[in-house]
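Reading through the structure tokens given below for one structure.
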Amino acid sequence: MRALLVYESMFGSTHEIADAVVAGLTEAGAEVELHEVRSAPAARDADFDLLVVGAPTHAFSLSRPATRQEAVRQGAGAELVETGLREWIAALGPREEAHDRAAAAFDTRVTKVRNLPKAASTRASHLLRRKGYRLVSRPTPFLVEDVQGPLVAGETDRARTWGRELADAATRSGPETSVAS
């Protein structure tokens with residue numbers, strides 16, 4: 001199985017989770033391409049069976065230019081303002097280009113708002129489904145202590161395990177076994 005993991009990270013925590021998910025996918029036998037969203041290929045130019053996306057939660061959703069600008073004011077790199085996961089997913093193309101491929105989404109969020117009704121992963125899952133992708137996991141959150149991190153102890157281990165579970169779910173799933181978000 002081939003997986004493509006595209007992530008957005010402002011302070012490094014989402015990148016750490018992405019690396020751990022890649023480790024889990026690799027342990028499960030997947031070949032994985034990891035891309036930060038600004039350098040991610042268009043989906044139509046990539047060869048994958050499973051698409052995994054991850055982003056920090058900004059204002060109960062995926063980031064927008066204004067929320068990324070706020071992250072820059074808090075110390076994130078200015079180069080991160082222009083492109084986020086929301087824009088990358090919007091450019092995925094028409095539903096038929098998804099070819100009913102498997103997908104999953106994760107987010108990072110601070111512990112004080114761990115039980116959000118909506119978050120980056122729920123929005124990303126919704127957008128992926130609308131683009132014709134088949135979800136093989138519920139939106140999955142990972143916790144950080146504060147906006148700039150660090151990750152809560154054990155979250156990278158949990159992300160690695162989730163990566164192994166994703167590989168298994170994508171391998172054994174078909175269109176009839178899609179997971180609703």
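The values are calculated or read from the model by the stated rules, or taken from the named source; none is laboratory data. Note that the structure is a prediction, hence the values are computed from the model and not measured. Every residue, glycine as well, gets a Cβ built from its backbone with ideal geometry; the counts of neighbours run over all protein chains shown.
Of the helices (runs of 4 or more DSSP H) lying entirely inside the stretch 66-181, those containing at least 3 residues that are farther than 20 Å from G24 by Cβ are 85-90, 120-130.
Contact map, the stretch 53-71: first residue without any contact (Cβ under 8 Å) to a residue 60 or more places away in the chain and under 12 Å from R123 (Cβ atoms), second residue in a loop (DSSP other than H, G, I, E, B) and not hydrophobic (A, V, I, L, M, F, W, C), Cβ cut-off under 6 Å, separation 6 or more or different chains; pairs are F60/K118; S63/G84.
All conditions in (1) farther than 17 Å from A42 by Cα; (2) surrounded by 18 or more Cβ atoms within 10 Å (Cβ to Cβ); (3) of a type outside the set (G, A, S); (4) at pLDDT 95 or above hold for R86, with the sole exception of (1).
Taken together, L25, L51 contain a single residue that is in contact with a helix residue (DSSP H, G or I) (Cβ under 8 Å, 6 or more places away or on another chain), assigned to a strand (DSSP E or B) and of a type in the set (A, V, I, L, M, F, W, C), which is L51. From A169, A124, A159, grab the single residue that is touching a residue at least 12 places away in the same chain (Cβ under 8 Å), within 19 Å of A43 (Cα to Cα) and of a type outside the set (K, R). Result: A124 is the single residue among A169, A124, A159 that is touching a residue at least 12 places away in the same chain (Cβ under 8 Å), within 19 Å of A43 (Cα to Cα) and of a type outside the set (K, R).
Name the single residue that is surrounded by the most Cβ atoms within 10 Å (Cβ to Cβ) among those in the stretch 1-54 being among the acidic types (D, E) and more than 21 Å from R129 (Cβ to Cβ).
So, considering only residues that are among the acidic types (D, E) and more than 21 Å from R129 (Cβ to Cβ), the one surrounded by the most Cβ atoms within 10 Å (Cβ to Cβ) is E16.
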